[in-house]
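We did not get these values from a lab; they are worked out from the coordinates using the rules stated. If you're wondering where the values come from, they're calculated on a predicted model, not measured in any experiment. All Cβ positions, glycine included, derive from the backbone under ideal geometry; neighbour counts span all protein chains shown.
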Amino acid sequence: MNKKITYKDYHEKDPERYPFFRYHPDPISNGVFVESDFPRVCQCCGKQETLICEGPFYTDEDLEFICPGCIADGSAAEKFDMEYCEIPGKERVPDEEKTEELLHHSPGYYSWNGGTWLSCCGDYCIYEGQIFYEELMERGLLEEFRNSPAWTESAYESIEETLHNRWIQLHVFRCPHCGKHRFYLDEFYD
Ligand SMILES: [Zn+2]
Ligand SMILES: [Zn+2]
């Protein structure tokens, strides 16, 4: 069986070209970094690259391809006045360096309402990906989900109503310090 290639494989082969992103360690599995069949030109540095980020990019510029290096060193964020995610006021941590690293040096993730990032223990959480009901059970996270209020605009009557609602995406984060999981419910609005 072929093992699925992760971003870690790229990073281990060439750490300079594929820097480690501590807030989002595997942007490949989450569809944020895409393996292209032929080289694409990074719109920031102009170099050719087959592993590229196609977004999300919060900027007025019309961007298609950015290489991992230009995300990590902050050059793309600076050049295109761009952020990669959104931090709600109450999730923002006081350490400006961490906020800078997350907003301008870390790949975001896809969601309906704009890549909301969660925090815990005075730091930003690690984004693990979108999660479905079965996986929540398999990974033994159901209790944790039940007991931790998920970050959302609305409240739902029951956990079942929430998890089987096809207008909701559930994103899971993990705290790099206490290891607890936090959940973001992303809702689809017409
Ligand atoms: Zn580049
Ligand atoms: Zn924590």
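Side notes on the structure shown:
- Degrees, to the nearest 10: 96-105 long Cα axis against longest axis of the chain: 70
- Qualifying lysines (Cα of each under 23 Å from Cα of K3; at least 8 residues distant if same chain): K13
- Alpha-carbon centroid distance for the pair region 85-113 / region 58-78, whole angstrom: 15
- Under the Debye formula (equal points on every Cα, no solvent term), log10 I(q)/I(0) of region 7-84 at q = 0.13, 0.15, 0.26 Å⁻¹: -0.34, -0.45, -1.45
- Each peptide in 128-139, 107-118 gets a packing score, the mean of other Cβ atoms within 10 Å over its residues, and the list from highest to lowest is 107-118, 128-139.
- Estimated FRET transfer efficiency (K79, E135; beta-carbon r; R0 45 Å; 0.05): 0.75
- Volume of the Cα convex hull of the chain, divided per residue and given in Å³: 149
- Across K8/K98; K4/K90; K98/K180; K8/K180, pairs whose alpha-carbon gap is larger than 25 Å: K4/K90
- Annotation: aspartates and glutamates with alpha-carbon distance below 17 angstrom to K79 (same-chain offsets under eight excluded): E54, D60, E61, D62, E64, E100, E101.
- Normalised contact order of the chain, rounded percent, pairs of Cα under 8 Å and 6 or more residues apart: 17
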